[in-house]
1. Let's test the formula: R0 of 25 Å, r as the Cβ-Cβ distance of D52 and R95. What FRET efficiency results, to the nearest 0.05?
2. To the nearest Å, what is the center-to-center distance of segment 18-72 and segment 138-168, using C-alpha atoms only?
3. Test of understanding: ordering I85, I163 by Cβ neighbours within 10 Å, fewest first, what list do you get?
4. Apply 1/(1 + (r/R0)^6) to the Cβ-Cβ distance of E187 and Q26, taking R0 = 45 Å, and write down the FRET efficiency to the nearest 0.05.
5. Under a point-charge model restricted to the Cβ atoms of Lys and Arg (+1) and Asp and Glu (-1), what is the dipole moment magnitude of segment 8-101 relative to its Cα centre, in debye to the nearest 20?
Amino acid sequence: MGKEIVHSPEQDQESIWIEKARLGNQEAFGKLVKVHMKAAYYSALNLVRNHDDALELSQEAFLRAFKNMSTFRQGSRFYPWLYKILRNLCLTHLRRKVRHPDSISLSDEEGDWDFPADTPDASEQMEQTEMEERIWAALGEMSPAEREILILRDLQETSYAEISDVLGIPMGTVMSRLFNARSRLREIMKPYLQGDE
């Protein structure tokens, strides 16, 4: 007997919006945009490392997604499908520009990331902000592939299966790439962490 799949109310609501959007309903698609626009922007920012380009590319990805909703596979989740479109746009954009900025932006827009924190006090808040900046600087030193898999798994909490799907790599490769990326991040962060001891 097959295992029963239990959907959360959020997933059920999203399925309704997807179905309406597949029939051309712009309002339903707008709700999908609202739910996923922040994740799409940060995914684009991770790849292109430029605020304006990330905004433009994430908007373009939603436009293309709406035009292609009829090809969306029923029962799938929306964001991994959107991410494939967004990633292709970003990689095309990078190939066209043929340039890689030296470091990731640390402007105020990145302040919305949900880094784990318990900050009841102002000094702890400051330490948390400093750590976030160190993490962003460390990510800026990593390769695009390392950054991408860390952001997908550790910041956006994308499942291993979804990462495998969106990156088009086997599950074993996802695990080894993630292990290597986390090891690299720890290595870059080591001087900061030792300084805190």
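Values in this text are rule-based calculations from the coordinates and carry no lab data. What you are looking at is a predicted structure, and each value in this text was computed from that prediction instead of being measured. Here Cβ is always computed from backbone atoms with ideal geometry, including for glycine, and neighbour counts include all displayed protein chains.
1. Calculated value: 0.85.
2. First find each Cα centre; the distance between them is then 19 Å.
3. Taking fewest neighbouring Cβ atoms as first place, the list is I85, I163.
4. Values: r = 47 Å, r/R0 = 1.05.
Efficiency for this residue pair is about 0.45.
5. Values: 16 positive and 9 negative charges, 93 e Å.
Charge dipole, segment 8-101, about its Cα centre: 440 debye, nearest 20.
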